[in-house]
1. Give just the number: which of (1) surrounded by 14 or more Cβ atoms within 10 Å (Cβ to Cβ); (2) touching a residue at least 40 places away in the same chain (Cβ under 8 Å); (3) not in a strand (DSSP E or B) does ALA99 not satisfy?
2. Just the residues that are touching a Lys or Arg at 6+ places or on another chain (Cβ under 8 Å) and hydrophobic (A, V, I, L, M, F, W, C), please, taken from the range 17-37.
3. Would you please name the residue that is most open to solvent (accessible area, probe 1.4 Å), looking only at residues in the range 50-69 that are under 10 Å from the mean Cα position of the chain (by Cα) and touching a residue at least 40 places away in the same chain (Cβ under 8 Å)?
4. Regarding LEU74, is this residue among the hydrophobic types (A, V, I, L, M, F, W, C), in contact (Cβ under 8 Å) with a residue 60 or more places away in the chain and crowded, with 19+ Cβ neighbours inside 10 Å?
5. Note down all Cβ pairs under 9 Å where the first residue falls in the range 22-36 and is touching a residue at least 40 places away in the same chain (Cβ under 8 Å), the second is part of a strand (DSSP E or B) and of a type in the set (Val, Ile, Thr), and they're at least six residues apart or on different chains.
6. Answer with yes or no whether ARG42 is part of a strand (DSSP E or B) and open to solvent by 70 Å² or more (accessible area, probe 1.4 Å).
7. If you go through the range 53-87 one residue at a time, how many are out of contact with any Asp or Glu (no Cβ under 6 Å at 6 or more places or on another chain), of a type outside the set (Gly, Ala, Ser), in a loop (DSSP other than H, G, I, E, B) and over 22 Å from ARG34 (Cβ atoms)?
8. Mind checking which residues of the range 19-33 are open to solvent by 30 Å² or more (accessible area, probe 1.4 Å) and either at pLDDT 95 or above or among the hydroxyl-bearing types (Ser, Thr, Tyr) (or both)?
Amino acid sequence: MIATPSSATGHCRVQPSPDRQTLSLMGADGLPRRHVPLGEFRVQRVVHSADGAWAVAITKLRGENQFAAMTLDLAKCESAHTVDLQAAGEDVRFDAEFAIVKLNNKGEQRVPLRSGLVR
């Protein structure tokens, strides 16, 4: 696996594995900090925010028509929140505390970047 360089701010970057079953959170030094296994889901695409603070991974359940969006806090180098999507995600844009996922012919779905659970 080839490491992608981290952003200038030192946040992590997300690198899908070649088989798309795992996400690696790569540190500023290009070394993996954390691996996030996706189980039966496979990553379809990863979109990083312009400021390098967040990423969203769009995933699909293998063999099924089920999709999800996983938010990743790149400052903490960890996954933050996962939400089921109503359809396949085509693109992502970031707006304050939300990622807006453009759905395949189904409009958009707002996904909170952080979990609503108190930690």
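1. With respect to (1) surrounded by 14 or more Cβ atoms within 10 Å (Cβ to Cβ); (2) touching a residue at least 40 places away in the same chain (Cβ under 8 Å); (3) not in a strand (DSSP E or B), ALA99 is out only on (3).
2. Residues satisfying the conditions are LEU25, MET26.
3. Result: TRP54.
4. yes
5. LEU23/VAL14; LEU23/VAL36; LEU23/VAL43; LEU23/VAL46; LEU25/VAL14; LEU25/VAL36; VAL36/VAL14; VAL36/THR22
6. no
7. Here the count works out to 4.
8. Within the range 19-33, ASP19, ARG20, GLN21, THR22 meet the criteria.
The values are calculated or read from the model by the stated rules, or taken from the named source; none is laboratory data. A quick note: this is a predicted structure, and the numbers were derived from the prediction, not measured. Using ideal geometry, Cβ is built from the backbone for each residue, glycine included, and neighbour counts are taken over all protein chains shown. For accessibility, only protein heavy atoms count, side chains too; no ligands or nucleic acids. Shrake-Rupley method; radii C 1.70, N 1.55, O 1.52, S 1.80 Å.
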